[in-house]
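Asks: One structure is given below, represented as structure tokens, and several questions about it will come after.
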Amino acid sequence: MTNNAKHAMRTKHAGYPMLSTSSKGLILLPLLFLAFICIFVYPKELELQAFLSSCSTPPSGTNTATASAVYTRKPDFRLLIGILTVPDLYERRHLLRMVYGVQLPSLTAQIDVRFVFCRLQTDDQRVFVPLEILMHGDIIVLDGCKENMDGGKTHAFFSAVASLYADAPYDYVMKADDDVFFRLPELAASLGAMPRQDTYYGALIPCASMDTRNRRGYMSGMGYALSWDLVEWIATARNVTRGRTVGFEDRRTGECLSLGGKGKNRFNAKPAMYDHPLSVPVTKCNHELVPETIALHRLKDNPRWAEALRYFNFTAGLKSSKFYKIHS
């Protein structure tokens, strides 16, 4: 068979002519040259492409739970902090968002901070608070109570949380005041070592006591945490909580737990949880700031907040810039 006949048969069966070795070389040479440029001349661009690919949003239709498993690690534990405050304290919430926001990226636990109000009362609240919700999404409005400190708001908070997060319960729920400063890494390290069941955690009252076996004691209202099973119990144990939701809320919570035989795993975080040294009245809950602080209470004004943040060197990460000069 002649060479022309062989070529014709190859063309007939393959549908296109066969390339010679020299032709293949002419085609591959520019491609190899382009690959060389990409790898050795523009390596950062390739790193950027890989980074963008790893950070891209999962395609639509991807199961959310599966995507979460791929893109995030499981937290050590989950804590919800409910800061009981009042709607008009906009500046305080702004400060707290900054104070807690700068700490969250360093955590291996999931800590979610929410601001808790009772029903909104004024026209400006009904405009400004929804704006906050649109911007931050970190507010819980309790529909079943009027704003109060010791008139049942804490019980309403725990009851609402048990329902709101029933499908995705936290390991712990903490009630906190808006004048307390939590150092979240220290709180996470301490609380993370606690049992996940029947746990009652905080700073024991009376201040002079360190004995958690005394069931007349209770955790200070500055901030105390309950394991999820206790939150569910408080929401449903009406035979115990009825008539015991009004009064000093921290004492009432401790009474209910004791009467119900709950909170057997009690942990007293003193002296790492304490009142500011200039608090009035002066008690054994007051002492000077210490490096191992978990929570500092009674920060009633901005100078005290500034003092605390300066002591714990919260602005250490600020880099120099031509856009600002911070003088001490």
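The values are calculated or read from the model by the stated rules, or taken from the named source; none is laboratory data. Just so it is clear, the model here is predicted, and its values are computed rather than measured. Using ideal geometry, Cβ is built from the backbone for each residue, glycine included, and neighbour counts are taken over all protein chains shown.
Asks: Just the residues that are surrounded by 13 or more Cβ atoms within 10 Å (Cβ to Cβ) and within 25 Å of Ala189 (Cα to Cα), please, taken from segment 291-303.
Replies: Thr293, Ile294, Ala295, Leu296, His297, Arg298, Leu299
Asks: Looking at Leu96, Leu107 in this structure, which one is surrounded by fewer than 19 Cβ atoms within 10 Å (Cβ to Cβ) and not β-branched (Val, Ile, Thr)?
Replies: Of the residues listed, the single one that is surrounded by fewer than 19 Cβ atoms within 10 Å (Cβ to Cβ) and not β-branched (Val, Ile, Thr) is Leu107.
Asks: Hey, can you tell me all the residues within segment 172-215 that are surrounded by 15 or more Cβ atoms within 10 Å (Cβ to Cβ), on the phi < 0 side of the Ramachandran plot and among the acidic types (Asp, Glu)?
Replies: Asp177, Asp178, Asp179, Glu186
Asks: Another one. Out of curiosity, is Leu289 among the aliphatic types (A, V, I, L, M) and either at pLDDT 95 or above or touching a Phe, Trp or Tyr at 6+ places or on another chain (Cβ under 7 Å) (or both)?
Replies: On the way: among the aliphatic types (A, V, I, L, M): yes; either at pLDDT 95 or above or touching a Phe, Trp or Tyr at 6+ places or on another chain (Cβ under 7 Å) (or both): yes.
Taking the combined requirement at face value, the residue satisfies it.
Asks: Give me the residue from segment 250-279 that is surrounded by fewer than 17 Cβ atoms within 10 Å (Cβ to Cβ) and under 26 Å from the mean Cα position of the chain (by Cα) and, out of that set, nearest to Glu292 (Cα to Cα).
Replies: Among those residues, the one meeting the criterion is Pro271.
Asks: From the residues in segment 266-281 that are assigned to a strand (DSSP E or B) and out of contact with any Phe, Trp or Tyr (no Cβ under 7 Å at 6 or more places or on another chain), which one is nearest to Arg196 (Cα to Cα)?
Replies: Filtering first and then ranking leaves Asn268.
Asks: Still on this structure, I have one more. Can you tell me which of Ala316, Ala306 is assigned to a loop (DSSP other than H, G, I, E, B), surrounded by fewer than 17 Cβ atoms within 10 Å (Cβ to Cβ) and within 25 Å of the chain's Cα centre (by Cα)?
Replies: Just one listed residue meets the conditions, Ala316.
Asks: Please return the ranges of strands (runs of 3 or more DSSP E) entirely within segment 109-220 where 2 or more residues are among the hydrophobic types (A, V, I, L, M, F, W, C) and modelled with pLDDT of 95 or more.
Replies: 110-117, 139-141, 172-177
Asks: Would you confirm, using the coordinates I've provided, whether Glu288 is loosely packed, with under 10 Cβ neighbours inside 10 Å and touching a helix residue (DSSP H, G or I) at 6+ places or on another chain (Cβ under 9 Å)? Step through it out loud before you land on a result.
Replies: Working: loosely packed, with under 10 Cβ neighbours inside 10 Å: yes; touching a helix residue (DSSP H, G or I) at 6+ places or on another chain (Cβ under 9 Å): no.
Answer is no for this residue.
Asks: Hey, can you tell me all the residues within segment 221-238 that are surrounded by fewer than 24 Cβ atoms within 10 Å (Cβ to Cβ), assigned to a helix (DSSP H, G or I) and free of Cβ contacts under 8 Å to residues at least 40 places away in the same chain?
Replies: Asp229, Trp233, Arg238
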